[in-house]
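What follows is a set of notes on a single structure, which appears directly below.
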Amino acid sequence: MGIKIARVKLKPVGRLSRASVLIWRTVQLVTWLAGVAILFSLTFYPSIGLLAFWNVLIPAAPVLLVVFTGLWRNICPLATTTLLPRHLGLSGRKTVSQKKSGVFNFVAVIVLFVVVPLRHAIFNTNGLATAILIIGLTACGVAVGFVYEWKSAWCSGLCPIHPVEKLYGGNVIASVPNLHCDLCCNCVAPCPDSTHNIDPAHVTKSHPHRRSGPFFTGCLPGFIWGWFHVPDQRQIHSLYELVKVYEMPFLGMAVTFALYLILQKIVNHKYETYLTSFFAASAVSCYYWYRLPELFGFGHYSKDGLLVNLKDIVPAPAISSFAVAAVLFFFYWMLFREKNRKSWLVRPAFAKKSELKRQRTIV
Ligand code: SF4
Ligand code: SF4
């Protein structure tokens, strides 16, 4: 077995041993295959696919992003697919200008706020629609992967999950090696993977950056609160019904964004990063406060978001205690725990100038 491992030709990753690279690549492959299996089941066995995607993978994602963002960034099946053109040497390797990077960030925020309420309108209950959504996002990511260097356009820009990563991943448990970028070409600044204790509300590289970070930070807690006050619609029959799925999330957004702007004026400049952490902890706590009871049959709307019904087995206070424990954990982890100067990933060695010359730069 040991001899076989030694013979596998794997590109070096930082100072990782070949065995470690092999383990990482195996985990990447397994999660990628799991992603393909979910996509397949969404299309052909929708009840299984919907359960696996919306009621297992998605509820597990926020806590992983809070605790260990770098692990997710290394093994995310969507990232693995969108970075294939670069891994295979098929990318144009253009760099993204600061302004365009900021615009990409803003677009990601808008897409997230527009698409997530549509879960109630169609995606939560329609496997094929969810599969088409995933395929559409993957196609966009692969398309920009053919043009731009490493993660500059998708994983650090346009992916609608990226704003959540940046907001939640401000104090991760550990930095792990970057399993995608072999050499750092400085393709995005600040590189979210390589910046310790990233704070999206204080990225000031361009005008769109200065707008999108605070906007997302302020809006997310209210958006999540509002989202949980809309039931799943089995079918949408009119424009009015469609508008209704946006009403509560957007109302919640408006309230918490206004609160954020007021607090921003009041809070001393040196404590602003705690304001970001407070809103981030509020957002993820609000998510689990509603989502945990839903998963186990104690939600507001009977079968919405149900994973396994424990209503006749477990007393309601047990589930409430679980939700309270989750809230306490997130506030401790994100707000009160000392910032540990860890980035999601360890920045790889910088590429040599000759290597960088092969990039085509755009402004
Ligand atoms: S930015 Fe999107 S594609 Fe990239 S790792 Fe995060 S979720 Fe995956
Ligand atoms: S580590 Fe370097 S090459 Fe990779 S995304 Fe960050 S800036 Fe780009």
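Where a number appears in this text, it was derived from the coordinates with a stated rule and is not lab data. None of these values were measured; they are calculated from a predicted model. For neighbour counting, all protein chains shown are included, and Cβ atoms are generated from backbone atoms with ideal geometry for every residue, glycine included.
Only one residue of Phe329, Leu295, Ala349 has its Cα farthest out toward the positive end of the dipole of the chain, where Lys and Arg carry +1 and Asp and Glu -1 on Cβ, and that residue is Ala349.
Taking a ≥ b ≥ c as the square roots of the eigenvalues of the alpha-carbon gyration tensor, segment 114-265 is classed oblate because a/c is 1.5 or more while a/b is no larger than b/c. Overall, the anisotropy analysis places segment 1-146 in the oblate class: the square-rooted eigenvalues a ≥ b ≥ c of its C-alpha gyration tensor yield a/c not less than 1.5, with a/b not exceeding b/c. The helix-based estimate of mean residue ellipticity at 222 nm for the chain, built from -39,500 (n - 2.57) per DSSP H run of four or more residues and divided by its residue count, is -18500 deg cm²/dmol to the nearest 500.
Going from the residue with the fewest nearby Cβ atoms within 10 Å to the one with the most, Ser194, Ser343, Ser238 rank Ser238, Ser194, Ser343. Computed over the chain with a Gaussian network model linking Cα atoms closer than 10 Å, the most mobile of Ile38, Ile122, Ile313 is Ile313. Of all the options Arg86, Arg234, Arg119, the one that moves most in a Gaussian network model of the chain with Cα springs shorter than 10 angstrom is Arg234. Dipole orientation for the chain: of the candidates Leu261, Gly102, His180, His180 has the Cα lying most toward the positive pole (charges on Cβ; Lys, Arg +1; Asp, Glu -1). Quick one: Cα centre-to-centre distance for segment 75-103 and segment 233-302, in angstrom? Measuring centre to centre over Cα atoms gives 30 Å. Computed about the Cα centre, the dipole magnitude for segment 12-101 is approximately 580 debye when only Lys and Arg (+1) and Asp and Glu (-1) carry charge, each at its Cβ. When the chain is modelled as a GNM with alpha-carbon springs shorter than 10 Å, which of His207, His120, His162 fluctuates the most? Judging by the Gaussian network model, the answer is His207.
Close amide H contacts of Tyr148 (hydrogens built in the peptide plane, cut-off under 5 Å, sequence separation of 5 or more or a different chain): Gly92, Arg93, Lys94.
Say the dipole of the chain comes from +1 at the beta carbon of Lys and Arg and -1 at that of Asp and Glu; which of Pro192, Phe215, Leu39 then lies farthest toward its positive end? Farthest along the dipole direction, towards plus: Pro192. Principal-axis analysis of the Cα atoms of the chain puts helix 207-227 at an angle of about 40° to the longest axis.
Dipole check for segment 269-320: with +1 at the C-beta of Lys and Arg, -1 at the C-beta of Asp and Glu, and the Cα centre as origin, the magnitude is about 40 Debye. Say the cut-off is 25 Å between C-alpha atoms; which of Lys94/Lys352; Lys270/Lys339; Lys94/Lys353; Lys100/Lys342; Lys166/Lys205 go over it? Distance filter (> 25 Å) returns Lys100/Lys342. For Val176, the residues whose modelled amide H falls within less than 5 Å of its own, excluding neighbours fewer than 5 places apart on the same chain, are Leu345, Val346. Charges were assigned to the Cβ only: +1 to each Lys and Arg, -1 to each Asp and Glu. The resulting dipole of the chain about its Cα centre is roughly 1860 debye.
Take the Cα of Tyr301, step 7 Å toward its Cβ, do the same at Leu33, and the gap between the two points is 3.6 nm.
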